[in-house]
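Student: Can you read through this structure? Questions will come right after.
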Amino acid sequence: MERLDKIISSQGKYSRKEVKKLISNRKISVNEIYVTSSNIKIDIEKDTIKINGVFLDIKKNIYLILNKPKGYVSATKDNKDKTVLELVPENLFRKNLFPAGRLDKDTTGLMIITNDGEFSHNILSPKKHVKKTYEVTIDIPVTQKMILDFKNGIKLNDGVCKPSFLKIISEYTAIVTLTEGRYHQIKRMFGTFGAKVLNLNRICIGNLELPTNLKIGECRELTSEELLKLQEKI
Ligand code: URA
């Protein structure tokens, strides 16, 4: 059971203040009865809410896409650094949001923020084989040996990586596709060749590409088409 004003404002269209005003103007009904107080408790599974005579279709989960800038940590709270949640616009903010997966503080690009734990698990678990693609710049030339070793599985101190795909773009840049997400994985994989990663930008999760019109630092809701692409495995 949750407060009426909290439920309505969590849907993003009305602020709590606006909900109060609607209530005092007798514009909100619960189970067809106009309400006079914003703190009544609602069971979203059973109760129906109407605003201005229109049923409120309560969405419990929200799925956001962010083009992460450098300098933000993928956490919900941090004592020292800014978190990616600080980039969520106020109208899309929900209490239980979290980043689905981690990008390092100095990594940029495609990041999903949601309040749906099961969904997050489905795109992150190595068992689900959802691929993640990164554009990487390193400080030494990319070699054919790297392509081969990435394909065969790089040995790191926490085990052998699953086969990954490396495509050379130019002398120092490559596209890397992984299906797992170990801590600092790409940096550590290139580290085995004595290479330092200078720039890392995630450009794809599943078949969802980072939209070219999503500016760095911008965050918006995913469309239903994008949501489907995100979960595609090949
Ligand atoms: N691999 C890394 O090393 N860092 C990231 O942020 C993502 C993948």
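Student: Within straight cross-link reach of Lys127, meaning Cα distance under 14 Å, which aspartates and glutamates are found once same-chain residues fewer than 8 apart are removed?
Tutor: Hits, sequence-local ones excluded: Glu118, Glu180, Glu232.
Student: Please tell me the relative contact order of region 109-179 in percent, rounded to the nearest whole number, where contacts are Cα pairs under 8 Å and at least six residues apart.
Tutor: On the way: 92 pairs, mean separation 23.3, N = 71.
Value for region 109-179: 33 percent.
Student: Cβ neighbours within 10 Å, averaged per peptide: list 38-45, 217-224 in order, most packed at the top. Write out the running numbers ahead of the final one.
Tutor: Values: 38-45: 13.1, 217-224: 14.8.
So the order, starting with the most tightly packed, is 217-224, 38-45.
Student: About its Cα centre, how strong a charge dipole does the chain have in debye, to the nearest 20, once Lys and Arg get +1 and Asp and Glu get -1 at the Cβ?
Tutor: 360 debye
Student: Given the C-alpha centroids of region 61-86 and region 210-234, what is the distance between them in whole angstrom?
Tutor: Their Cα centres are 16 Å away from one another.
Student: Quickly estimate the mean residue ellipticity at 222 nm for the chain, helices only: each DSSP H run with n ≥ 4 gives -39500 (n - 2.57), and the total goes over all residues, rounded to 500.
Tutor: Numbers: 6 runs with 47 residues, N = 234.
So the helix-based figure for the chain works out to -5500 deg cm²/dmol.
Student: Tally up the carbon and sulfur contribution to the accessible surface of the chain as a whole percent, 1.4 Å probe, everything protein left in place. Don't jump to the answer; show the numbers that get you there.
Tutor: On the way: 6950 of 13400 Å².
So the carbon and sulfur contribution to the accessible surface is 52 percent.
Student: So how strong a dipole does region 87-135 carry about its Cα centre when Lys and Arg Cβ are +1 and Asp and Glu Cβ are -1, to the nearest 20 debye?
Tutor: Working: 8 positive and 6 negative charges, 43 e Å.
The dipole of region 87-135 has a size of about 200 debye.
Student: Enter the accessible area per residue of the chain (Å², integer; probe 1.4 Å; all protein chains in place). If you can, show how the numbers build up before the last one.
Tutor: Values: 13400 Å² over 234 residues.
Computed with neighbouring chains in place, this is 57 Å² per residue.
Student: Once you keep just the Cα pairs under 8 angstrom separated by 6 or more residues, what percentage relative contact order results for the chain?
Tutor: Normalised by residue count, the contact order of the chain is 20 percent.
The values are calculated or read from the model by the stated rules, or taken from the named source; none is laboratory data. A quick note: this is a predicted structure, and the numbers were derived from the prediction, not measured. Note that we place each Cβ from the backbone using ideal geometry, even for glycine, and neighbour counts take in every protein chain shown. We work out accessible area using only protein heavy atoms, side chains counted, and drop any ligands, DNA or RNA first. Shrake-Rupley method; radii C 1.70, N 1.55, O 1.52, S 1.80 Å.
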